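S.K.: Encoded as structure tokens, here's the structure I'll be asking about.
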Amino acid sequence: MIDCIINDNCTGCHCCINICSNECINMNPNNEGFLYPVVNYSNCINCGKCVSVCPIINKNDLTNNPIAYACFNKDKIIRLNSSSGGIFTILAEKVIDCGGVVIGAVFNKDFEVKHDIVETYENIRLLRGSKYVQSTVGYTYKKTKDFLLSGRKVLFSGTPCQIAGLKTYLSKPYPNLITVDIICHGVPSPYVWKTYIQFRESKAGSKIKSINFRSKNTGWKQFSVLFSFVNNSVYNKIFSEDIYMKAFLKNICLRPSCYNCNFRSLNRQSDITLADFWGIQNLLPDMDDDNGTSLIFLNSQKGRQVFKSISNNIFYKEVEITDAVKYNISAIISPEQNLNRKEFFKNLSKLPFDKLVKKYCKDSLLFKIKSFVKNIINY
């Protein structure tokens, strides 16, 4: 069964629990806080469905020649409240306009990241914005199929591996499904995120009221991590100074499968890929006002049709995809595993979070030299 076959390549996509008709598979956290399938063999009937839908075991290689655009929402308020150019909101509104549903990552009341269903304009805000934690998909693949079979349009957004899981679970195309993925650096451990939340609440002496990973109060390129607390205090740090973001960008707390990702490619299973257009100042300076510009890949004919339907609501210019990827290398290259990763997790519950990051996320001399050179080139 699935828990006998998979290893560190497992992405935790939840495909196997959605397909299991006997509900004998649970997603349990390991000692790093990442969810992996565990089979209850007393209920298992050995049907093999979990293996047949695993997107790692049944990898689908595509050649779909995507088209790339730089773009941003004409509505400046939505754009400023979005991580990059505010394109996702327009896509979501289009689907809800026709009675459809939108499924993606949200914070729950405890600021855990879960996939959930949105059916109103007001609640699109819950899906908006980056969330640098692995989202728990739960049974949203199964719910997606129910919506599709009932004739409703569905926009499902997630990481490339989550879209791959949805596609293998569904096993056939649905004309009323739109899939959106992102250029993903990698997914951090929910356990690390929970530990950081506890650290921030302890420092503030208060529970968290809201979180924004990508506040633009310091601009889009130098975005801030913003926490608001119940006692009305605020934590606001440029991302490079935030210790959680430092651990994330140092590749020390990512899921093992992220270091050899099977889904980083220019040929993706989603209809549309959304990302920040880093390097826009070098390629299309007239599209850069530091309020956020999106990089979008149109990966299918359906993606091209959807893009055409929103084109009146956005500013956009086509770009050569290979030029865009030079500044967005996570689209095709996996992050390098941090050599201190094992010790970081070993001491996660033993050291205060700030001391943990300081000890295991130091900048090497080589890293400092590379960063200096990169800044000179991008200036």
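The values are calculated or read from the model by the stated rules, or taken from the named source; none is laboratory data. These numbers were taken from a predicted model, which means no experiment stands behind them. When we count neighbours, we look across all protein chains shown, and the Cβ atoms used for this are built from the backbone with ideal geometry, even at glycine. Only protein heavy atoms, including side chains, enter the accessible area calculation; ligands, DNA and RNA are left aside. Shrake-Rupley method; radii C 1.70, N 1.55, O 1.52, S 1.80 Å.
S.K.: If you place +1 on the Cβ of every Lys and Arg and -1 on the Cβ of every Asp and Glu, how big does the dipole about the Cα centre of the chain come out, in debye to the nearest 20?
M.R.: 600
S.K.: Show me the ranking of peptides 351-358, 221-228, 308-315, 84-91 by mean Cβ neighbours inside 10 Å, starting with the highest.
M.R.: Sorting 351-358, 221-228, 308-315, 84-91 by mean packing, highest first, produces 84-91, 221-228, 351-358, 308-315.
S.K.: Moving to a separate point now. Using alpha-carbon pairs under 8 Å, 6+ residues apart, how would you state the relative contact order of the chain in percent?
M.R.: 21 percent.
S.K.: While we're here: Before anything else, pin down the relative contact order of the stretch 70-204: Cα pairs under 8 Å, at least 6 apart, normalised by residue count, whole percent.
M.R.: 21
S.K.: Under a cut-off of 16 Å between alpha-carbon atoms, report the aspartates and glutamates in cross-link reach of LYS358, not counting same-chain residues fewer than 8 places apart.
M.R.: GLU241, ASP242, GLU343
S.K.: Please report, in cubic angstrom per residue, the volume enclosed by the convex hull of the alpha-carbon atoms of the stretch 1-90.
M.R.: So the per-residue hull volume is 168 Å³.
S.K.: For the stretch 54-127, what is the per residue volume of the convex hull drawn over the alpha-carbon atoms, in cubic angstrom?
M.R.: Spelled out: Cα convex hull of the stretch 54-127, divided by residues, is 159 Å³.
S.K.: In percent, what relative contact order does the stretch 135-243 have, based on Cα pairs under 8 Å that are 6 or more apart in sequence?
M.R.: For the stretch 135-243, the relative contact order is 16 percent.
S.K.: Provide the packing ranking of 9-21, 250-262, i.e. peptides ordered by the mean count of other C-beta atoms within 10 Å per residue, highest first.
M.R.: Top of the packing list down: 9-21, 250-262.
S.K.: Place a +1 charge on the Cβ of each Lys and Arg in the stretch 205-281 and a -1 charge on the Cβ of each Asp and Glu, then give the dipole magnitude about the Cα centre in debye, rounded to the nearest 20.
M.R.: Dipole about the Cα centre, nearest 20: 120 debye.
S.K.: Additional query: For the stretch 184-227, just say rounded, prolate or oblate: build the C-alpha gyration tensor, square-root its eigenvalues into a ≥ b ≥ c, call rounded for a/c under 1.5, and beyond that prolate if a/b exceeds b/c, oblate if not.
M.R.: oblate
S.K.: Ignoring ligands, DNA and RNA, please state the percent of accessible area on the chain from carbon and sulfur, probe 1.4 Å.
M.R.: Summing carbon and sulfur atoms, their accessible area is 52 percent of the total for the chain.
S.K.: Normalised radius of gyration for the stretch 133-216, please: alpha carbon Rg relative to 2.2 N^0.38 Å, two decimal places.
M.R.: The value comes to 1.43.
S.K.: Dividing the Cα radius of gyration by the Kirkwood radius, what Rg/Rh value follows for the stretch 80-170?
M.R.: 0.94
S.K.: Which one, THR195, PRO175, GLY158, projects farthest toward the positive side of the charge dipole computed for the stretch 155-216 from Cβ point charges (K/R +1, D/E -1)?
M.R.: It is THR195, whose Cα lies furthest towards the positive end.
S.K.: Can you pull the Rg over Rh of the stretch 178-299, Cα-only, Kirkwood?
M.R.: 1.01
S.K.: Enter the accessible area per residue of the chain (Å², integer; probe 1.4 Å; all protein chains in place).
M.R.: Accessible area per residue: 47 Å².
S.K.: Of the listed pairs LYS131/LYS237; LYS76/LYS362; LYS153/LYS308; LYS326/LYS346; LYS221/LYS350, which have alpha-carbon separations greater than 28 Å here?
M.R.: LYS76/LYS362; LYS326/LYS346; LYS221/LYS350
S.K.: Just name one of SER294, ILE272, ILE333: the one whose Cα is farthest towards the positive end of the charge dipole of the stretch 234-358 (beta-carbon charges, Lys/Arg +1, Asp/Glu -1).
M.R.: Positive-most Cα among the choices belongs to ILE333.
S.K.: For the stretch 116-168, what value does the Rg/Rh ratio take when both radii are computed over Cα atoms and Rh is the Kirkwood radius, given to two decimals?
M.R.: Rg/Rh for the stretch 116-168 comes to 0.95.
S.K.: Place the peptides 328-335, 174-181 in order of packing, highest mean first, counting for every residue the other Cβ atoms within 10 Å and averaging per peptide.
M.R.: Going by the mean number of other Cβ atoms within 10 Å, highest first, we get 174-181, 328-335.
S.K.: What number results when the radius of gyration of the stretch 272-327, computed over Cα atoms, is divided by 2.2 N^0.38 Å?
M.R.: 1.13
S.K.: Then there is this: Hey, with R₀ at 22 Å, roughly what FRET efficiency would ASP97 and SER210 work out to, going by the Cβ-Cβ distance, to 0.05?
M.R.: Using R0 = 22 Å, I get an efficiency of 0.20.
S.K.: Beyond 27 Å, how much of the Cα-Cα pair distribution for the chain remains, as a whole percent?
M.R.: 49
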